[in-house]
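What follows is calculated from the coordinates using simple rules that are stated; it is not laboratory data. Keep in mind that this is a model prediction, so the values were computed, not measured. Positions of Cβ are backbone-derived with ideal geometry, glycine not excepted, and every protein chain shown enters the neighbour counts.
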Amino acid sequence: MRNLLLTLRYDGSRYHGWQIQPNGDTVQQRMTDAFYKLSGKKENIIGCSRTDSKVHADMFCCNVRTQCAVSCEKIPDALNFYLPGDISVYDCREVPESFHARYDCRGKEYIYLIYNGKYRNPFYENRALFYPYFIDERMLNAEAAAFAGKYDLSAFCSSGSEVKDRVREIYASSVERSGDLVRFKVSGSGFLYNTVRIMAGTLLEIQQGKIEKGTISRIIESKNRLAAGATADGCGLYLSRVFY
């Protein structure tokens, strides 16, 4: 029995997230189907995160315990032959039998991408939030710094979460601009349901004047979801790095 760590990237536009669902196409289902065609067995593929509908990943990790004898060097090409064009495996390596892609994860980095041009750009359709109004990225970068720290993330967690321990450490948080693209980048030990999208929505509401500047710390302390901003659309969210 081998335990393989697979690293992939995907465009989540047409998927209902990672996790297999009874009534929707998911990345995990596509990976499971591809591995079945490779190994002849239906393996349990364990993801590092669930990810929501429309959310993308530039680095997503999963592990699978298998008796498949294909070498690690050849597995990415073999799986990509069976996968659709919007999912691509780019690394495979053997890990200890006890390794678990989700529970052994020590942190993640997400990017929320905003297309801040005057007119829609078809090349960023479903890949970035279109926001044609003024964004002061320097001001938002200063505001985003307040997200860093170890605290209860209840104010930045959607009501659907059943997680009881909501304390996580946010390592770093920033906002930067490159032309018409504005990137909100945040890394941490872990995140709750919709955390990054709510953080992004909160920053946009600060830009709009709906939430007062300098109040992110107060929102954190409130532990009240209603104190934070709206949940930004999933199309702009990317899982960019996974730490082990």
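Among the chymotrypsin sites (Phe, Trp or Tyr not before Pro) in segment 94-125, those located in a DSSP loop and surrounded by at most 12 other Cβ atoms within 10 Å of their own Cβ are 103, 119.
Annotation for residue 25 and residue 244: the two label points, set 7 Å from Cα along the Cα-Cβ direction, are 2.9 nm apart. Bridgeable lysines around residue 185 (alpha carbons under 29 Å apart, same-chain partners fewer than 8 residues away excluded): 54, 108, 118, 150, 164, 210, 213, 223. Within 10 Å of each candidate Cβ there may be at most 16 other Cβ atoms; applying that plus a DSSP loop requirement, which trypsin sites (Lys or Arg not before Pro) in segment 85-135 survive? Within segment 85-135, the qualifying trypsin sites (Lys or Arg not before Pro) (loop, at most 16 other Cβ atoms within 10 Å) are 102, 106, 118, 120.
From least to most packed, judged by other beta carbons within 10 angstrom and beginning with the fewest, 27, 242 follow the order 242, 27.
Note on 139, 199, 59: ascending count of other Cβ atoms within 10 Å places them as 139, 59, 199, the fewest first.
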